[in-house]
Amino acid sequence: GAGVSQTPSNKVTEKGKYVELRCDPISGHTALYWYRQSLGQGPEFLIYFQGTGAADDSGLPNDRFFAVRPEGSVSTLKIQRTERGDSAVYLCASSLLAGDLNTQYFGPGTRLTVL
Amino acid sequence: DQQVKQNSPSLSVQEGRISILNCDYTNSMFDYFLWYKKYPAEGPTFLISISSIKDKNEDGRFTVFLNKSAKHLSLHIVPSQPGDSAVYFCAVHGGATNKLIFGTGTLLAVQP
C-alpha cells in the first residue's frame with residue numbers, strides 16, 4: 001500500500017482491559033509519530049520514534065501507555081488497564097526524515113471506545 | 001492552556017467566495033506553521049505551511065498569512081469550492097522537538 005495504514009479501524013473494549021493499536025508507516029520512512037484526537041479537539045502528540053528508538057515520549061499521558069517500534073518500521077501503541085477517558089481516535093503519522101514536517105503523512109486512525 | 005487556538009468552530013461560505021480561517025498562538029518561539037485538512041474517517045492531510053521568516057505563502061487557491069507581532073495566522077481559500085468542505089487544523093512546530101501542536105479545528109462548509 002502507498003499510505004500509512006492502521007489496524008484495527010475500530011476497537012471497542014471494556015474498562016480495565018489491555019489493547020494494542022498497530023501502525024504500518026510508509027515504506028522507508030524513518031520517523032513515526034502517534035497522536036490522539038479526542039472529540040472536538042485537535043490531534044495531541046503522544047510519542048515520536050526516530051528509527052527504533054523513542055526520541056520524544058513527552059506526550060504519553062501516564063505509564064499505562066507504551067509504544068514500541070522494534071524493527072524501525074511497524075509500531076504498536078499499547079494501553080494497559082484502559083479507562084473511559086482513553087476513548088479517542090489514535091492517529092499515526094510517518095515522514096521520510098526526522099523533522100521533515102511538510103510531509104508528515106497520517107493514517108486514517110483507530111477509533112478506540114472504552115465502555 | 002491551549003497554545004494554538006482556532007476560535008471559530010465552524011464557517012459557512014458560498015461557492016466561489018473567499019474562505020478565511022483564523023488561528024492564534026501564544027508562544028513567540030514557534031517558528032513553523034502549517035495547515036492541515038481533514039475529511040471524515042480520514043487522517044489529516046498537509047495543505048500549506050509558512051516559516052516565521054515570511055509573512056505570506058501562496059499555493060494555488062490557498063494562501064497563508066502570518067502576523068508575528070499579533071501571533072496570528074490565517075488561511076485564505078479563493079475561490080472556495082464544495083470539495084473544500086472539511087475540518088481545517090492549524091498546527092505549529094517550535095524548537096527542537098518534531099511534534100506538531102494542533103488547534104481545535106474549524107469546520108468549513110462551502111455551499112454550492
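Nothing in this text is a laboratory measurement; each read-out follows from the coordinates by a stated rule. Keep in mind that this is a model prediction, so the values were computed, not measured. Cβ coordinates were reconstructed from backbone atoms using ideal geometry, including for glycine residues, and neighbour counts include every protein chain displayed.
The table below gives the values:
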read-out	value
Dipole of chain B, positive direction: furthest Cα of B:88, B:22, B:62, with charges on the beta-carbon	B:22
Percentage, to the nearest whole number, of Cα pairs in segment A:35-115 over 17 Å apart	47 percent
Value of D in µm² per second that Stokes-Einstein yields for chain B, Kirkwood Rh from Cα pairs, at 4 °C (1.567 mPa s)	92 µm²/s
Only Lys, Arg (+1) and Asp, Glu (-1) charged, at Cβ; chain A dipole about Cα centre in debye	420 debye
Magnitude of the charge dipole, chain B, Cβ model with Lys/Arg +1 and Asp/Glu -1, debye to 20	100 debye
Relative exposure of B:20, B:53, B:77, judged by other C-beta atoms within 10 Å (fewest first)	B:53, B:20, B:77
Neighbour-count ranking [beta-carbon atoms within 10 angstrom, fewest first] of A:87, A:75, B:69	B:69, A:87, A:75
At 1.002 mPa s and 20 °C, Stokes D of the protein assembly as shown from Kirkwood alpha-carbon radius, µm² per second	119 µm²/s
